[in-house]
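Encoded as structure tokens, the structure appears first; notes follow it.
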Amino acid sequence: MPCARLPATTPAPTVDALVEAVLAGEHGPLPSELVATSVFWIHHGTRLAGGDTTYLNQYVLVRLGDSFGGCAFEAGEIDPVICRDSSGAPLDLLLREAPRPLRIAALDAYLSAARPHRVAAEEGDAEPVTLPTGTPEVRARARDAAIAGLLDIEEGAKVGLIGVVNPLVAAIRERGGEPLPCDFNLKTTQWGDPVTDDMHEVLERAEAVVATGMTLSNGSFDTILERCRSRGIPLVVYAQTGSAVARAFLGAGVTALSAEPFPFSQFSAEETVLYRYRTVSGA
């Protein structure tokens, strides 16, 4: 099927505007009345069998009552001491004054509490996808096939991939797409495909875009959202970082979402669930 062409008749929303709306109580209780139960930090590395890339990931996470919010960040961007200083802080303080990764994690925790993904699935707005028990390779392939399954593209369509993981490159090819990989930390894919660090070049060439939630952390999400809206091309987001934040932009530029709330799939060998969302027009 051809890529959906989407109208861009209204100004693109922004992450900062969403934060302001949350602070004003437009999405639930006032954050000034809530406390970040705990703030914690995870640093881990992964090398999948058959690959030559070691993925190094840092996450800052916020627990808000019975919900969690998470955000990946670049090495050196924040310091572990932030966990001591921010645990028990009023949520509005984190949303207003914290470094961007912690702001996104706090926003994610708030929106996850306001409407958990499991509730969205119970109400029919999200499709739960169970990732199987197995090795990291088995689980990564299942996760990335679920993400690629949100693409509805013609054979040979150019798919911008902003935030590269090798199993997702393979999954896009299996869907008939031609990946245009973009990443700040990789030079080539597992198969030798060149990886550019020029997001704007990819956004100009792509017929559809798949972007990681990490774009919320590094501040590029608003640009990607606006460019996909202005060009009328689908934007699929795969999010561990800010899965509930990205959900807030469904129908406003984001056409589909693979949301993976904490604890993330790489931290377990047992079955876990991610949630797929689609707009009415699909992706």
- [ ] With springs only between Cα atoms under 10 Å apart, run a GNM on the chain and tell me which of PRO101, PRO136, PRO80 wobbles the most.
- [x] PRO80
Task: About the Cα centre, charge dipole magnitude for the chain (Lys/Arg +1, Asp/Glu -1 at Cβ), debye - done: 200 debye
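Using mean Cβ contacts within 10 Å as the protection proxy, how do 213-221, 127-135 order, highest first? Don't skip to the answer; put the middle values down first.
Values: 213-221: 23.1, 127-135: 14.3.
Those peptides, ordered most packed to least, come out 213-221, 127-135.
Could you state the accessible area per residue of the chain in Å², with a 1.4 Å probe and every protein chain left in place? Can you show the working numbers first?
Working: 12120 Å² over 283 residues.
Per residue, the chain has an accessible area of 43 Å².
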Task: Accessible heavy-atom area order of LYS158, LYS187, highest first, probe of 1.4 Å - done: LYS187, LYS158
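Which order do peptides 86-95, 195-204 fall in by mean Cβ count within 10 Å, highest first? Write down the numbers at each step before the final one.
Numbers: 86-95: 18.6, 195-204: 16.0.
Those peptides, ordered most packed to least, come out 86-95, 195-204.
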Task: Helix-only [θ]222 nm of the chain, DSSP H runs n ≥ 4, -39500 (n - 2.57) each, per residue, nearest 500 - done: -9000 deg cm²/dmol
Task: Extension reserve of the ASP197-GLU270 stretch, reckoned as 0.36 nm per residue once the Cα distance is removed - done: 22.8 nm
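From the square roots a ≥ b ≥ c of the eigenvalues of the alpha-carbon gyration tensor of region 15-139, which class results: rounded (a/c under 1.5), prolate (a/b over b/c), or oblate? Please report the intermediate quantities before stating the final value.
Details: a/c = 2.37, a/b = 1.30, b/c = 1.83.
It is oblate, given that a/c is not under 1.5 and a/b is not larger than b/c.
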TODO: For THR54 paired with LEU93, estimate the spin-label separation in nm (one decimal), with each label point 7 Å from Cα along the Cα-to-Cβ line.
DONE: 3.8 nm
TODO: Considering the options LEU18, LEU34, GLY51, tell which one lies farthest towards the positive end of the dipole of region 3-119, charges being +1 on Lys and Arg and -1 on Asp and Glu at the Cβ, about the Cα centre.
DONE: GLY51
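In region 84-129, which GluC sites (Glu not before Pro) fall in coil by DSSP and have 10 or fewer other Cβ atoms within 10 Å? Could you put the intermediate results ahead of the total?
Working: sites: GLU97, GLU122, GLU123; in loops: GLU123.
Loop-located and lightly packed - GLU123.
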TODO: Pick out, from VAL129, LEU111, LEU151, the residue whose Cα sits farthest towards the positive end of the charge dipole of region 102-178, with +1 on the Cβ of Lys and Arg and -1 on the Cβ of Asp and Glu.
DONE: LEU111
Open item on the list: Which one, GLY219, HIS200, ALA246, is farthest towards the positive end of the dipole of region 141-283 when Lys and Arg carry +1 and Asp and Glu -1 on their Cβ?
Closed with: ALA246
- [ ] Kindly identify region 152-209 as rounded, prolate or oblate by the Cα gyration tensor criterion: order the square roots of the eigenvalues as a ≥ b ≥ c, call it rounded if a/c is under 1.5, otherwise compare a/b with b/c, prolate if a/b is larger, else oblate.
- [x] oblate
TODO: Note the listed values (1) 22.1; (2) 18.9; (3) 19.7, then indicate which one is Kirkwood radius over Cα pairs in Å calculated from this particular structure.
DONE: (2)
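Provide the net charge surrounding HIS200, with neighbours chosen by a C-beta distance below 13 Å and charges set as Lys +1, Arg +1, Asp -1, Glu -1. Walk me through the intermediate numbers first.
Details: positive: ARG205, ARG227, ARG231; negative: ASP197, ASP198, GLU201, GLU204, GLU226.
For residues surrounding HIS200, the net value is -2.
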TODO: Under 12 Å from the Cβ of SER217, count the other residues' Cβ atoms, weight Lys and Arg +1, Asp and Glu -1, and hand me the total.
DONE: -1
Open item on the list: If you take every residue apart from PRO261 with its C-beta less than 14 Å away from the C-beta of PRO261, what net charge results, scoring Lys and Arg +1 and Asp and Glu -1?
Closed with: +3
- [ ] Could you check the simple spin-label distance between LEU30 and ASP79, using points 7 Å along Cα→Cβ, in nm with one decimal?
- [x] 3.3 nm
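The values are calculated or read from the model by the stated rules, or taken from the named source; none is laboratory data. Treat the numbers as computed from the prediction; the structure is a model and nothing was measured. Ideal geometry is used to build each Cβ from the backbone, glycine not excepted, and the neighbour counts take in all protein chains shown. Keep in mind that these areas ignore ligands, DNA and RNA; they rest on the heavy atoms of the full protein, side chains included. Shrake-Rupley method; radii C 1.70, N 1.55, O 1.52, S 1.80 Å.
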